[in-house]
Amino acid sequence: MRKRAERTGGLLIHNRASKWLSAFIRKETIPHALLFTGIEGVGKRTSAMTFAMACNCPSVVSCQSSVVSGPLTTDNGQLTTDNGPCGDCRSCRKIRSGSHPDISLVEPSGTFIRIAQIRELCHTLSMKPYEARMRVVIIANAQAMNPEAGNALLKVLEEPPERTVLILTAIQTSDLLPTIVSRCQHIRFDPIPRERLETLLLEKKQIRPDDAEVIATLANGSYSKAFSISRTNWINRRKWLIRELESLVIEKQGHGTARMLAFAERLSKNKDILPDLLEVMKTWLRDIVVCKYDPEKIINRDLGDSIQHASRKITVASLLSKIKSVDSARKNLRANANLRLTMEVLVCQLSF
Ligand SMILES: [Zn+2]
């Protein structure tokens with residue numbers, strides 16, 4: 001039985017949300033439209049896929065009113081073997097491999113979900129499902145729909161096709177047209193607790209417990225963020241970055257112009273990881289402020305001593321202005337400002 005859960009992916013799905021979803025199947029009252037909201041990386045899309053599997057898996061469908069009485073997943077987010085889809089039948093396998101003709105995923109192409117994508121979807125929905133008991137359409141990052149696309153989708157929601165469920169995912173309801181939100185059954189996915197992320201990292205990744213604790217904290221409730229951090233050379237990069245910051249911001253030693261420029265250059269070298277590096281800078285600066293008032297509340301707990309030392313050497317006003325500098329660098333990067341120049345300005349501001 002355990003194997004069965006592993007084959008379905010050992011997926012992380014929010015337990016409270018999965019109880020709702022399981023109840024829909026049990027009571028045979030599947031809404032025409034669902035809206036999953038929550039921060040990135042809490043399992044919204046994965047849950048949508050699992051729900052699509054559960055709606056069509058013969059082992060769930062055949063025992064609907066008797067066996068399916070609990071949630072689709074256990075407390076640690078694994079699919080339960082009793083109530084979840086089998087993951088093994090023809091339907092489950094097709095859905096998982098993305099080859100089921102009646103399970104579709106619409107997601108932004110570039111920045112937006114465009115009207116053409118929704119028109120194509122409307123065309124598909126005008127026909128009967130090929131083979132599914134319940135056709136499922138997942139519209140991921142639904143906030144990326146431009147107004148025309150949103151209005152076209154609204155028409156589908158107003159006259160929902162039979163045997164079809166639309167699942168929209170978004171960070172928050174306020175990102176969507178209120179008319180869309182009001183036509184969906186809303187299910188909120190909470191951030192994943194730090195302890196659970198830590199356990200998952202230890203179970204699935206070969207990393208040291210100390211590192212797992214830091215990663216779980218910095219991931220801020222996001223499963224995908226925790227795992228992407230643990231995949232990269234992130235731990236060493238963070239060590240390097242904090243050493244540089246300590247010497248630049250706290251010790252103010254050995255940071256002549258040449259070294260500052262070299263630091264800026266190294267920061268600007270890899271555009272993809274720069275947002276993560278800026279996040280590290282910000283939490284480190286934030287921790288030094290917090291440490292002045294409540295050392296227990298710092299995020300970088302493994303750096304407690306050095307953060308305490310730093311907090312005695314720098315004023316709150318100076319820290320807040322540095323945090324502002326990191327924020328404005330982030331904003332400038334999003335606006336496609338010159339990378340190298342932005343980093344040079346930032347490093348300079350951090351050194352004052
Ligand atoms: Zn199945």
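Worth pointing out:
- Mean separation of Cα contacts under 8 Å, 6 or more apart, over the residue count of the chain: relative contact order %: 17
- Total charge dipole magnitude, the range 232-351, about the Cα centre, Cβ charges on Lys, Arg, Asp, Glu only, Debye to nearest 20: 220
- Pairwise centroid distance, computed over Cα atoms, of the range 153-188 with the range 271-336, Å: 38
- A Förster radius of 45 Å combined with the Cβ-Cβ distance from His123 to Ser228 puts the calculated FRET efficiency at roughly 0.80.
- Percent carbon-and-sulfur accessible area, the chain, ignoring ligands, DNA and RNA, probe 1.4 Å: 51
- Whole-angstrom gap from the range 227-256 to the range 86-139, using each part's C-alpha centre: 44
- Estimated at 0.36 nm per residue, the fully extended path between Ile273 and Glu107 surpasses their Cα-Cα distance by 57.4 nm.
- Structure-based [θ]222 nm, the chain - -39500 (n - 2.57) summed over DSSP H runs of at least 4, per residue, nearest 500: -15500 deg cm²/dmol
- FRET efficiency for the pair Ser247 and Ser328, taken as 1/(1 + (r/R0)^6) with r the Cβ-Cβ distance and R0 = 22 Å, rounds to 0.45.
- Amide hydrogen proximity for Arg114: with H placed 1.01 Å from N in the peptide plane, the residues at 5 or more positions away or on another chain lying under 5 Å are Ser109.
- In the context of the full set of protein chains, the chain has a per residue accessible area of 50 Å² (1.4 Å probe).
- Close amide H partners of Ile167, meaning residues 5 or more places away or on another chain with modelled amide H under 5 Å apart, are Leu34, Val137, Ile138, Ile139.
- Bridge type composition, the chain - antiparallel percent by DSSP, nearest 5: 10
- In this rough spin-label picture, where each label sits 7 Å from Cα along the Cβ direction, the Gln206-Asp190 distance is 3.5 nm.
- Shown in residue order for the range 308-313 are the 3J(HN,Hα) couplings computed by the Karplus curve 6.51 cos²θ - 1.76 cosθ + 1.60 at θ = phi - 60°: 4, 4, 4, 5, 7, 9 Hz (x for Gly and Pro).
- By the rule of a C-alpha distance below 30 Å, with chain neighbours fewer than 8 residues away ignored, the lysines paired with Lys155 are Lys19, Lys27, Lys44, Lys94, Lys128.
- Cross-link partners of Lys331 among lysines (Cα-Cα below 26 Å; sequence separation of 8 or more within a chain): Lys225, Lys239, Lys269, Lys271, Lys282, Lys322
- Rounded to whole Hz, the Karplus (6.51, -1.76, 1.60) HN-Hα couplings of the range 205-210, x for glycine and proline: 10, 8, 10, 6, x, 4
- Relative contact order, whole percent, for the range 112-158 stands at 68, derived from Cα pairs under 8 Å and 6 or more residues apart.
- Dipole axis of the range 232-351 (+1 Lys, Arg; -1 Asp, Glu on Cβ), positive-most option in Ile288, Trp240, Ala258: Ala258
- Mean separation of Cα contacts under 8 Å, 6 or more apart, over the residue count of the range 232-351: relative contact order %: 32
The values are calculated or read from the model by the stated rules, or taken from the named source; none is laboratory data. This one's a predicted model, so the numbers in the text were calculated from it and none came from an experiment. Ideal geometry is used to build each Cβ from the backbone, glycine not excepted, and the neighbour counts take in all protein chains shown. Ligands, DNA and RNA are excluded from the accessible area calculation, which covers all protein heavy atoms including side chains. Shrake-Rupley method; radii C 1.70, N 1.55, O 1.52, S 1.80 Å.
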